[in-house]
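The values are calculated or read from the model by the stated rules, or taken from the named source; none is laboratory data. In this text the structure is predicted, and so the values were computed from the model without any measurement. All Cβ positions, even for glycine, are placed from backbone atoms using ideal geometry, and neighbour counts span all protein chains on display.
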Amino acid sequence: MLISCWICGEPVEILEEKYHNPYNLSVIKNAWVKRKNLHKRIFCEKCKVQHIKLKNERAQLYKKITSQIMIEHAIASLEIQNVNVYKYRQSINTIIDIIEKNIYKFKSSHEIVLTTIFIYHQIEYSVNFKIGKYTVDFYLPTFKVILEVDGHLHNLDINKVFDANRDIELRNLLGSDWEVLHIPTKYVDSDAEKIPFIITKMKSAIQKARSENSGILPETFAKRYKSYYCKVLRDKGGVKQ
């Protein structure tokens with residue numbers, strides 16, 4: 001069959017069975033099945049190369065602009081907290097240099113705010129760090145802490161269960177002297193300069209709770225653990241407490 005090239009309009013010959021849209025999916029008996037879509041764009045070879053190149057260039061430009069906006073939001077967040085941003089100017093410049101080398105390094109302005117604080121206090125860190133099958137927000141060997149910055153979606157029960165299970169797996173990989181801490185974004189927006197102190201206090205409180213409960217965090221310690229323990233009980237045929 002012949003289809004007009006989306007860009008130049010020249011006819012392109014294509015097999016009908018290959019003419020489907022991989023994004024046009026339907027669920028049949030819990031399985032994703034591709035459906036034919038006779039309105040999918042088709043490109044000739046020359047236009048396809050140009051289209052991919054232009055799409056990648058736009059994606060790079062979009063990410064670059066997004067990163068610049070995130071930096072501005074991070075600085076504005078510190079200003080709103082009445083923080084002396086001039087004190088952190090060198091740290092911010094360091095982050096700008098990092099982003100120029102890798103525009104995908106940071107995923108949010110909250111990560112930039114915390115990185116600014118860590119750089120200033122010379123706290124060793126890795127942001128969006130890969131551990132096993134997981135990518136963590138911050139890997140902090142100075143504290144032996146994995147720090148996660150949680151938005152409102154982490155309040156959903158399904159995400160609480162995932163987070164608790166993930167925390168356990170991360171500690172199994174890193175060792176029992178490590179802890180996984182979760183800080184809501186609202187605290188990064190209100191008390192960013194206190195985060196290093198908060199990390200120390202939170203880890204101390206977690207380790208105390210573990211020592212009093214045979215190394216296991218009680219369900220009363222955090223909502224995500226209660227959700228996780230309830231799921232474990234249900235999966236084993238137990239009763240939700």
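What is the number of the single condition among (1) within 18 Å of the chain's Cα centre (by Cα); (2) farther than 19 Å from Ile119 by Cα that Met70 does not meet?
The number of the failed condition is (2).
Within the group Ile103, Ile119, Ile80, Ile75, which residue is at pLDDT below 95 and among the aliphatic types (A, V, I, L, M)?
Every option except Ile103 fails the conditions.
Considering each residue of region 84-102, count those that are part of a loop (DSSP other than H, G, I, E, B) and buried (at least 18 other Cβ atoms within 10 Å of the Cβ), and give that number.
Here the count works out to 0.
Does region 53-83 hold any residues that are part of a helix (DSSP H, G or I) and hydrophobic (A, V, I, L, M, F, W, C), and which are they?
Scanning region 53-83 gives Leu54, Ala59, Leu61, Ile65, Ile69, Met70, Ile71, Ala74, Ile75, Ala76, Leu78, Ile80.
For residues that are among the β-branched types (Val, Ile, Thr) and either on the phi > 0 side of the Ramachandran plot or touching a residue at least 40 places away in the same chain (Cβ under 8 Å) (or both), scanning just region 103-135, find the one that is surrounded by the fewest Cβ atoms within 10 Å (Cβ to Cβ).
Within region 103-135, the match that is surrounded by the fewest Cβ atoms within 10 Å (Cβ to Cβ) is Ile131.
Matching residues to (1) assigned to a loop (DSSP other than H, G, I, E, B); (2) assigned by TED's automatic domain parsing to the domain that holds Ile75:
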position	(1), (2)
Thr116	no, yes
Glu148	no, no
His182	no, no
Asn213	yes, no
Pro218	yes, no
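In the list Tyr225, Tyr139, which residue meets the criterion of being outside the structural domain of Ile80 (by TED's automatic domain parsing), at pLDDT 90 or above and among the aromatic types (Phe, Trp, Tyr)?
So the residue among Tyr225, Tyr139 that is outside the structural domain of Ile80 (by TED's automatic domain parsing), at pLDDT 90 or above and among the aromatic types (Phe, Trp, Tyr) is Tyr139.
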